[in-house]
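Here the structure is laid out as structure tokens; the discussion comes afterwards.
The values are calculated or read from the model by the stated rules, or taken from the named source; none is laboratory data. Source: prediction; values computed, not measured. Cβ placement follows ideal geometry from the backbone for every residue including glycine, while neighbour counts extend to all protein chains displayed. Surface areas here come from the heavy atoms of the whole protein model, side chains and all, with no ligands, DNA or RNA. Shrake-Rupley method; radii C 1.70, N 1.55, O 1.52, S 1.80 Å.
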Amino acid sequence: MLRCIAVDDEPLALGLLVEYIGKVPFLELVAKCGDAFEAAKALQEAAVDLVFTDIQMPGLTGLQFIQSLPRRPMFILVTAYKKFAPEGFDLDVVDYLIKPVGMDRFLKACYKAQELYQLRAGNTVTGPDYLFVNSDYSLVKVLFADIIWVEGSGDYVKFHLRNSGKPLLVRMSAKALEAELPGDRFLRIHKSYIVAVVSITAVRKNSVFIGELELPVGETYRETVRQITRKDI
């Protein structure tokens, strides 16, 4: 578990941060703070691994807060302003999130923090064998081994899963999902399709088969498919 605090002077933004943190299984909220001074006090009173903080706050900005700390936990900046990103990364923040932040983007930042925490702790990081996706107002755990193929359309993807009668609809782009999936287990074959390599039963020049299901291979993805088969088609 990563012990964390949330810092924002806007009550609605702070409430959303707290809500998001509560949905991430490996985060434990230690304190919620309305400004950097409350956050500094919270850091003195409890062990904290990760801080989610706004930047533009009265009295002391989020960047000034980070700079003031002799020993720093990990930081994820959550702000409405893109212009502070270079300064933020100069302070070695884990990630820089632009409001409004979607749950999928927030979760990706949390995974980065978890991986960094494990690296600093000297643990071997093999990566999880699952991901959590935001579906129907809940975080749903999807095992990589259960994914057969994924169909993307705009800001949504449909997971076709083993032992599931209907697809799982998730608000997430195919591009964002591709970044979350292990590249040795999944293959982007088309702008709209990602398939589990283990599910592929046959390959043609312009398509791949999953049993009797035929999916098209986009022209820009043919070389990737060829590398998987290690043979010309």
| said: Looking at the range 140-154 only, could you name the residues that are at pLDDT 90 or above and under 19 Å from His190 (Cα atoms)? | reply: Ile147, Ile148, Trp149, Val150, Glu151, Gly152, Ser153
| said: Can you say whether Ile5 is open to solvent by less than 10 Å² (accessible area, probe 1.4 Å) and without any contact (Cβ under 8 Å) to a residue 40 or more places away in the chain, as far as the supplied structure shows? | reply: no
| request: Could you grab the pairs with beta carbons closer than 8 Å, sequence gap of 6+ or different chains, first residue in the range 9-31 and more than 20 Å from Asp104 (Cβ to Cβ) and in a helix (DSSP H, G or I), second one open to solvent by 40 Å² or more (accessible area, probe 1.4 Å) and modelled with pLDDT of 95 or more? | output: Leu14/Lys32
| field | helices (runs of 4 or more DSSP H) lying entirely in the range 38-121 (those with 2 or more residues that are touching a residue at least 60 places away in the same chain (Cβ under 8 Å) and farther than 16 Å from Glu28 by Cβ) | value | 103-120
| query | For the range 15-37, which residues satisfy the criterion of being open to solvent by less than 20 Å² (accessible area, probe 1.4 Å) and more than 14 Å from Leu50 (Cβ to Cβ)? | reply | Ala36
| Single condition Phe106 does not satisfy, out of (1) touching a helix residue (DSSP H, G or I) at 6+ places or on another chain (Cβ under 8 Å); (2) exposed (fewer than 15 other Cβ atoms within 10 Å of the Cβ); (3) closer than 27 Å to Ala13 by Cβ | (2)
| note | Of the candidates Gln44, Gln64, the one satisfying the condition of being at pLDDT 95 or above, open to solvent by 80 Å² or more (accessible area, probe 1.4 Å), over 21 Å from Pro11 (Cβ atoms) and not basic (Lys, Arg) is Gln64
